[in-house]
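A short worksheet on the structure shown next.
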Amino acid sequence: MSKAVQCGNVTIGGGAPVSIQSMTNVDTRDIKAVAMQINDLASEGCQIVRVAVPDMESAEALKTIKQMSPVPIVADIHFDHRLAIKAIQMGADKIRINPGNIGSRDKVREVVEAAKERNIPIRVGVNSGSLEEDILKKYGGVTPEGLVESALNNLHLIEDMGYDNLVVSLKSSDVQMNYDAHVMIAQKTDHPIHIGITEAGTVHRGKIKSAAGIGALLLAGIGDTMRVSLTADPVTEVVFAKELLKAIGLRKESINLVSCPTCGRTKVNLQDIALQIQKALEPIEKERTAKNKKGITVAVMGCAVNGPGEGREADIGVACGDGKGIIFVKGETVKTVSEQNIAMEMINMIKGLE
């Protein structure tokens, strides 16, 4: 088990649930826009938000941003150690640096001393696109071994300065390389690991790569906090991260929707029915989650092969026939309704469940 690190009110590692992160994509100097985006992210379940700090004005803006934020704030720093120090002074709950591009050893030490003074964690981040030249030369390019060596070197650099309040990340856009590197480093350190697939891509492609890459790591027991990186609205990252954690079983589902893939035996427009139910379930799921209600399973099945069995096993289920569906509640047959009324009837019954 990894060591526990505290980022504001969120525990990373030490057996704590895997936390969800995202990053704002508006100008950090625009405090109002940043605050609005952070609130949007938090309302969707984001637990930690990272903010880019490319200049001193952005660093100074963190003070107000932090005061307005409902979640811990991580300052993302590159190249200028003074920005890291200022971000810490402005109240950042954690900083993200790559010691390899932050400057000399003395400059890294200044950052470490500032973090030590406030006892905030440092995320040591290594990406496949920013490996040190000597590492690239040694391994003949970007490799899992090179990523791990770079990350360990940077961790040891800070540990040798007397500080171990650290989180490590080493990301690649190559799913296999990313996986191999994480498996290696998980065996070599007990620092919490921040996982993700860097530059995963646009929404469709990025979700596929993230599901494969992040999902594989989580199923292997690797990862204490995570970010899904998409070329999209950051809220999309958070929504997908939640769905991924639910699918793997690391997050409680208030509503588990099961639906069949359909085949030539299907005599209703099951895709339309399932989509209607899925959309109507979104606010119901949020409400049930907020009230900590017991999770339920909803089954939408297309024919008589698996339909009756799945329908009876679910809290509420439907097995469809020729233009109609038989609705089950807690294993009992309740009624038969026309295709056009299946979604409405099921939603009304779901609303009545405790």
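The values are calculated or read from the model by the stated rules, or taken from the named source; none is laboratory data. What you see is a predicted model, and the numbers here were worked out from it, not measured in a lab. Cβ coordinates were reconstructed from backbone atoms using ideal geometry, including for glycine residues, and neighbour counts include every protein chain displayed. Ligands, DNA and RNA are stripped out before the accessible areas are found, and what is left, the full protein with its side chains, is counted by its heavy atoms. Shrake-Rupley method; radii C 1.70, N 1.55, O 1.52, S 1.80 Å.
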- [ ] Give me the compactness ratio for segment 11-90, meaning the Cα radius of gyration over 2.2 N^0.38 Å.
- [x] 1.08
- [ ] Send over a whole-number figure in Å² for the accessible area per residue of the chain, probe 1.4 Å.
- [x] 45
Task: Estimated FRET transfer efficiency (Asp134, Leu219; beta-carbon r; R0 41 Å; 0.05) - done: 0.75
Task: Area projected by the alpha carbon convex hull of segment 193-241, averaged over all directions, nm² - done: 2.9
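So for segment 174-215, averaging the separation of alpha carbon pairs under 8 Å that are six or more residues apart and normalising by length, what relative contact order in percent results? Walk me through the intermediate numbers first.
Working: 23 pairs, mean separation 19.6, N = 42.
Worked out over segment 174-215, it gives 47 percent.
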Open item on the list: Using each residue's phi in segment 127-144, evaluate 6.51 cos²θ - 1.76 cosθ + 1.60 at θ = phi - 60° and report the 3J(HN,Hα) Karplus result to the nearest Hz, with x for Gly and Pro.
Closed with: 10, 4, x, 9, 6, 5, 4, 5, 5, 4, 5, 4, 9, x, x, 7, 9, x
Task: Eligible lysines near Lys86 by straight Cα distance, threshold 17 Å, same-chain separation 8 or greater - done: Lys63, Lys66, Lys94, Lys107, Lys116
Task: segment 221-233 - phi-based ³J(HN,Hα) in whole Hz, Karplus 6.51/-1.76/1.60, Gly and Pro as x - done: x, 10, x, 10, 8, 8, 9, 8, 9, 10, 7, 6, 4
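Quick one: which of 104-110, 23-29 comes out on top by average Cβ neighbours within 10 Å, and what's the full order, highest first? Please list the in-between numbers first.
On the way: 104-110: 14.3, 23-29: 17.6.
Ranking the peptides 104-110, 23-29 by packing returns 23-29, 104-110.
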TODO: Take the chain, connect every pair of alpha-carbon atoms lying under 10 Å apart with a spring to form a Gaussian network, then pick out the residue of Val148, Val112, Val268 with the largest mean-square fluctuation.
DONE: Val268
- [ ] Output the direction-averaged projected area (hull surface divided by four) of the convex hull of the alpha-carbon atoms of the chain, in nm².
- [x] 19.4
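Using only alpha carbons, build the gyration tensor for segment 94-167 and give me the equivalent ellipsoid semi-axes, biggest first, whole Å.
24, 11, 10
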Task: Alpha carbon centroid spacing (whole Å) that separates segment 313-354 from segment 227-302 - done: 17
Task: Cα-based equivalent ellipsoid of segment 36-128: semi-axis lengths in Å, sorted from largest, via gyration tensor - done: 23, 14, 12
Task: Karplus 3J(HN,Hα) series, Hz, for segment 22-33 with 6.51 cos²θ - 1.76 cosθ + 1.60 (x for Gly, Pro) - done: 8, 9, 5, 10, 10, 4, 4, 5, 8, 4, 4, 5
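Which net charge results for the neighbourhood of Glu345, defined as the other residues with beta-carbon distances under 13 angstrom from its beta-carbon, given Lys and Arg at +1 and Asp and Glu at -1? The partial results should precede the final answer.
Working: positive: Lys324, Lys335, Lys351; negative: Glu339.
Charge balance near Glu345 sits at +2.
What does the highest-first list of 169-176, 222-229 look like by mean Cβ count within 10 Å?
Numbers: 169-176: 20.9, 222-229: 24.1.
Packing proxy ranking, top to bottom: 222-229, 169-176.
Percentage of Cα-Cα pair distances in segment 152-261 greater than 26 Å, rounded to whole percent?
Details: 1447 of 5995 pairs.
I get 24 percent for the Cα pairs in segment 152-261 exceeding 26 Å.
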TODO: Note down the net charge around Ile102, summing +1 for each Lys or Arg and -1 for each Asp or Glu among other residues with Cβ under 14 Å from its Cβ.
DONE: +1
Open item on the list: How many angstrom lie between the Cα centre of segment 69-100 and the Cα centre of segment 108-151?
Closed with: 15
Open item on the list: Straight-line reach only, C-alpha to C-alpha below 16 angstrom: list the lysines that Lys324 could link to, leaving out same-chain residues fewer than 8 apart.
Closed with: Lys267, Lys335
TODO: Quick one: compute the contact order of the chain, relative version, from alpha carbon pairs under 8 angstrom and 6+ residues apart, as a percent.
DONE: 12
Task: For segment 222-354, alpha-carbon Rg and Dmax in angstrom - done: 16.1, 48
TODO: Quickly work out the Arg205-to-Val334 label distance, labels modelled 7 Å from Cα along the C-beta direction, and quote it in nm with one decimal.
DONE: 4.4
